[in-house]
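Visitor: Shown below is the structure under consideration.
The values are calculated or read from the model by the stated rules, or taken from the named source; none is laboratory data. Owing to the predicted nature of the structure, the values given are computational and were not obtained by experimental measurement. Note that we place each Cβ from the backbone using ideal geometry, even for glycine, and neighbour counts take in every protein chain shown. With ligands, DNA and RNA removed, areas are computed over all heavy atoms of the protein, side chains included. Shrake-Rupley method; radii C 1.70, N 1.55, O 1.52, S 1.80 Å.
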Amino acid sequence: MSFELLKSEIIDAGLCQGCGLCVGSCKHIEMEILRPILKDFCILERNGEDCGKCYQTCPQVIQKKFKEKQPLGIYSLRTKNPEILSKASSGGFVTTLTKELLENETIKEVIMVQGNDEKPIAGRVTDPDDVVQKAGVFYGRSGVLERLVELTGETFEPVGIVGVPCEMRGAAELAEDMNREILKIGLFCNSQMRTEETDKGLVCSPCCNGCPSGVNAQGYISLIRQGQYQDAVDLIRENNPLPSICGRICTNECEHACTLIGDDHPVAIRELKKFVTEWEIQQEHKPKKAVKNIGKKVAIIGAGPAGLTAGHYLRKLGYAPTIFEKTDQTGGMLRFGVPQFRLPNYVLDYDVKSITDAGVELVLNKPLGPDMTIEDLKKEGYEAIFIATGQYKPRTLRLEGEELPNVHVAINFLMDRKYRFWENEEEFKGKTIGIIGGGPVAVDVGQTALRLGAEKVHLVDIMNEQDLELVLKDIPENEYEFMNYHFATSTSKITQNEDGKLVLNCYNIEWGTPDDTGRRPLNKVEGSEYEIPIDVIVMAVGQAVDFDLIDVATNHELEKERNKIDINPVTFETSIPGVFAGGDIVSNSKAVAIAGIAHGKEAAISIDRYLKGKDLEAGRYVQNKMFFTGPRKPPKDYSLKPESLTEATEEISWSFDEIDEKFNEDMAIQEARRCLSCNHFCSHCQDFPAIYSDITAGEVGSEKGYTTVVAWTGKGKELVDNAIAKGLFDEGKVNEDELKTAINLKSKRELMDFEKTPRNQVLDFVTLQGPSTISDIVKNTGLEPKKARYEALRLVQLMEFEMKAEPDMEEPLFTIICD
């Protein structure tokens, strides 16, 4: 019963943090893919699993209501050791103090979580230099308490542990049970993942932190696991109003942060999103009624991901947003640039309809320009404006020969074949297509050409194969056979043979050493020139913003950076007060749908504050995950589809039907069960500052580069004071109000109520009621008589109860044994 409770209430509910205390406490439990499992059964216990030790020692089960505790000292410290400081996440306090304690033998060994190939691993450390070499804070399922149990069973020397609040709680219980002195150095909850949410006492899972729009993937996967599909979609929409679209074409950065990487493949989060949103579409779900309009009008320019998202959130806030779109279709580049076999129109239409049905007005064929300027909109009563017109101006390399017949630019090529000539299935029959560029748009061009009869596709790109890994992995293997990539290759010119056939004149390149700006020069490899005979050439080297009409509409008042709108990266406000911008049109844009969605959401928050006369920046910060900060690194592993779906995807039909198959319900639930629900347990904990520690450290309450340190015990204060006196740290100023705010926010959460094991119920009843018979226990606990008798007798064997049986007594009396 005990492990069953642990599994149902903690492990399956996503409340297990992988500390390993249950594993350390019972030889019949072990970790498998970061979760405790029962590997065999105990011959001393009924059903082999009834002792209750694993359940009763779990830090989640034994958590106590937070009680305010007065610190003995609060400090802001920064190490004077430059090597430690260069590796530290903040001020290097924990590494410096731990090194010092090992050097002076205050402790002989310490359990700490260190990074091993970006994966948290609990290790036993005795060498002070080893502490420095592996400096830095790592969170995750590391089995730190399992290691502590192992260590305390082998030595009576003084030992220590570094961990998060829940681990400190488990360590404190362990120290009490074993009557051992264990130095406990705690870390503020999630301090190394500090965001606006964590400062508010909220906690995100790694997948949520990886999403530019902050979608709670762990939450909706948990709902899918429980069969609550509509609740799952509703949860996605809290941070992403285009969930069906993202189930098809999202860059799934959430998966790249999955905790399972290194032990198993990451959870197929995008596929689960596709499953649950497709379920909603099939149910013909109707959106909730729109909130009452508060009257203020907001103009949104552009019906792409950013504009649609801004309209969605502004309507939820009660405003009257109107989206003005220059074309006769919604969706922006999702509509015009993404082929049907990747994003079917019915999916795009469904998400757009859910937004317009909620009350967002849509005006088509209405471009921003001389006929509709910013001033015109203000005169019509629009009190704020959001510009999200995207990038539609094709870029070229200005090569010789670009003007030749059958040389196209990607955006026009895709739009024409999606809406004008797609029925001409033999347009490129037997022909060879050459594409300058090898990114996602180039692949869309290549796959479209193959569906229209092309025999071979050559893609020429200056990037190497590793740089394009994220693009290549999404190409079905059987289609990739028809695509010939020319990596690390540039094109010098386009020429035409006498027979009219086009020629790509190419040469190999090498990337040089980065200059002072970080840019790497391209160096031609001498003697590497070669030609590729081609029938049709498409240039897929990106798009730019066409500012001709925008400049007229804004009276040339918009400030720009690298031919994009310069914005405040926190508020998305432009140089014109009350005018905001987002999506592909702004500087450092990622140019992907999920980033545009994130921009639209943040812009809506800013517009709401602007119209209410509030500070636009207060409590907000730059979220780099929304912007381009450099090429994305491929993850160490990718999610997998079931083999049956993979095979279906690899079948070539050369049609414009959707390429990828979808999870069925059984597949989806099975995949959802693989999710570890990371950091879900943090949502049910009140202890931000790790009050069961001797010392706690973290960022909150200190300036950047310093660590806030709180001493909770006399022993902890003495160690900190001695380290300061020895000159190991610079001292800074503590912002105690900021620290108290973080503590108070988390301490107000409701704790979860857990069941008790039968043994615990019997023990608690007798402890509270005094001497009791089996009949008393059965009547008050509801246990079966056989179960109550068994547990009571086991407690006698364990020296918890004393049993008294006299000849004149109808039943034995069980009494608690007092120490």
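Visitor: Restricting to region 493-537, give me the number of residues that are modelled with pLDDT of 95 or more, open to solvent by 30 Å² or more (accessible area, probe 1.4 Å) and touching a Lys or Arg at 6+ places or on another chain (Cβ under 9 Å).
Guide: Adding up the residues that qualify gives 4.
Visitor: Let me ask something additional. Out of all the residues in region 734-753, which are buried (at least 18 other Cβ atoms within 10 Å of the Cβ) and modelled with pLDDT under 90? Walk me through it before giving the result.
Guide: Let us first name the residues in region 734-753 that are buried (at least 18 other Cβ atoms within 10 Å of the Cβ), namely 734, 739, 742-743, 746-747.
Result: 739, 742, 743, 746, 747.
Visitor: Return only the number of the condition from (1) in contact (Cβ under 8 Å) with a residue 40 or more places away in the chain; (2) open to solvent by 20 Å² or more (accessible area, probe 1.4 Å) that residue 559 does not satisfy.
Guide: In the conditions (1) in contact (Cβ under 8 Å) with a residue 40 or more places away in the chain; (2) open to solvent by 20 Å² or more (accessible area, probe 1.4 Å), residue 559 misses (1) alone.
Visitor: In region 402-438, which residues are open to solvent by less than 30 Å² (accessible area, probe 1.4 Å), in a loop (DSSP other than H, G, I, E, B) and at pLDDT 95 or above?
Guide: 437, 438
Visitor: Still on this structure: Quick one: which residue in 527, 512, 542 is free of Cβ contacts under 8 Å to residues at least 40 places away in the same chain and under 38 Å from the mean Cα position of the chain (by Cα)? Even if it seems obvious, please write down each step before you answer.
Guide: Details: 527 fails: under 38 Å from the mean Cα position of the chain (by Cα); 542 fails: free of Cβ contacts under 8 Å to residues at least 40 places away in the same chain.
Only one candidate passes the filter, namely 512.
Visitor: In region 159-185, which residues are closer than 15 Å to residue 691 by Cβ and not in a helix (DSSP H, G or I)?
Guide: Listed by number, the residues that qualify are 163, 164, 184, 185.
Visitor: Residues of region 687-733 being more than 19 Å from residue 84 (Cα to Cα), in a loop (DSSP other than H, G, I, E, B) and open to solvent by 30 Å² or more (accessible area, probe 1.4 Å), which ones?
Guide: Matches in region 687-733: 692, 713, 733.
Visitor: Could you please give the count of residues in region 32-75 that are modelled with pLDDT of 80 or more and in contact with a Gly (Cβ under 6 Å, 6 or more places away or on another chain)?
Guide: Total satisfying the criteria: 1.
Visitor: Collect the residues in region 371-401 that are assigned to a loop (DSSP other than H, G, I, E, B), open to solvent by 80 Å² or more (accessible area, probe 1.4 Å) and either over 23 Å from residue 312 (Cβ atoms) or aliphatic (A, V, I, L, M) (or both), keeping them in residue-number order. If you could, list the steps in order and put the result at the bottom.
Guide: In the first step, residues of region 371-401 are kept if they are assigned to a loop (DSSP other than H, G, I, E, B); the result is 371, 373, 380-381, 388-392, 395-399, 401.
Narrowing further to those that are open to solvent by 80 Å² or more (accessible area, probe 1.4 Å): 371, 380, 395, 397-398.
Matches in region 371-401: 371, 395, 397, 398.
Visitor: While we're looking at this one, here's another question. Checking the structure you have, find out if any residue of region 754-769 is more than 21 Å from residue 799 (Cα to Cα), at pLDDT below 95 and not in a loop (DSSP other than H, G, I, E, B).
Guide: There is no residue in region 754-769 that is more than 21 Å from residue 799 (Cα to Cα), at pLDDT below 95 and not in a loop (DSSP other than H, G, I, E, B).
Visitor: Got at least one residue in region 584-605 being free of Cβ contacts under 8 Å to residues at least 24 places away in the same chain and either of a type outside the set (S, T, N, Q) or surrounded by 17 or more Cβ atoms within 10 Å (Cβ to Cβ) (or both)?
Guide: So far as region 584-605 goes, yes, one or more of its residues are free of Cβ contacts under 8 Å to residues at least 24 places away in the same chain and either of a type outside the set (S, T, N, Q) or surrounded by 17 or more Cβ atoms within 10 Å (Cβ to Cβ) (or both).
Visitor: Here's something else I'd like to know. Inside region 205-275, counting only helices (runs of 4 or more DSSP H) that do not spill past its ends, which hold 1 or more residues that are more than 14 Å from the chain's Cα centre (by Cα) and surrounded by 22 or more Cβ atoms within 10 Å (Cβ to Cβ)?
Guide: Per the criteria, 217-225, 229-237, 243-249.
Visitor: Further question: I want to confirm something. Restricting to region 333-348 and keeping residues that are assigned to a helix (DSSP H, G or I) and in contact (Cβ under 8 Å) with a residue 12 or more places away in the chain, which single residue is surrounded by the most Cβ atoms within 10 Å (Cβ to Cβ)?
Guide: Filtering first and then ranking leaves 334.
Visitor: Just for region 519-574: of the residues that are charged (D, E, K, R) and assigned to a strand (DSSP E or B), which one is nearest to residue 405 (Cα to Cα)?
Guide: 531
For (1) open to solvent by less than 60 Å² (accessible area, probe 1.4 Å); (2) at pLDDT below 85; (3) among the small types (Gly, Ala, Ser), each residue gets a yes or a no:
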| residue | (1), (2), (3) |
| --- | --- |
| 97 | yes, no, no |
| 113 | yes, yes, no |
| 116 | no, yes, no |
| 120 | yes, yes, no |
| 155 | yes, no, no |
| 159 | yes, no, no |
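Visitor: Is it the case that residue 154 is over 29 Å from residue 635 (Cβ atoms), part of a loop (DSSP other than H, G, I, E, B) and among the acidic types (Asp, Glu)? Let's see the steps before the verdict.
Guide: Numbers: over 29 Å from residue 635 (Cβ atoms): yes; part of a loop (DSSP other than H, G, I, E, B): yes; among the acidic types (Asp, Glu): yes.
Answer is yes for this residue.
Visitor: Right, here's the next one. Could you please tell me which pairs satisfy a Cβ distance under 7 Å, a separation of 6+ or placement on different chains, a first residue in region 90-104 that is without any contact (Cβ under 8 Å) to a residue 60 or more places away in the chain, and a second residue that is assigned to a loop (DSSP other than H, G, I, E, B)?
Guide: These pairs meet every condition: 95/88; 95/135; 102/126.
Visitor: Going by the structure shown, is residue 635 open to solvent by 40 Å² or more (accessible area, probe 1.4 Å) and either out of contact with any Ser or Thr (no Cβ under 8 Å at 6 or more places or on another chain) or modelled with pLDDT of 80 or more (or both)?
Guide: Values: open to solvent by 40 Å² or more (accessible area, probe 1.4 Å): no; either out of contact with any Ser or Thr (no Cβ under 8 Å at 6 or more places or on another chain) or modelled with pLDDT of 80 or more (or both): yes.
No, not satisfied.
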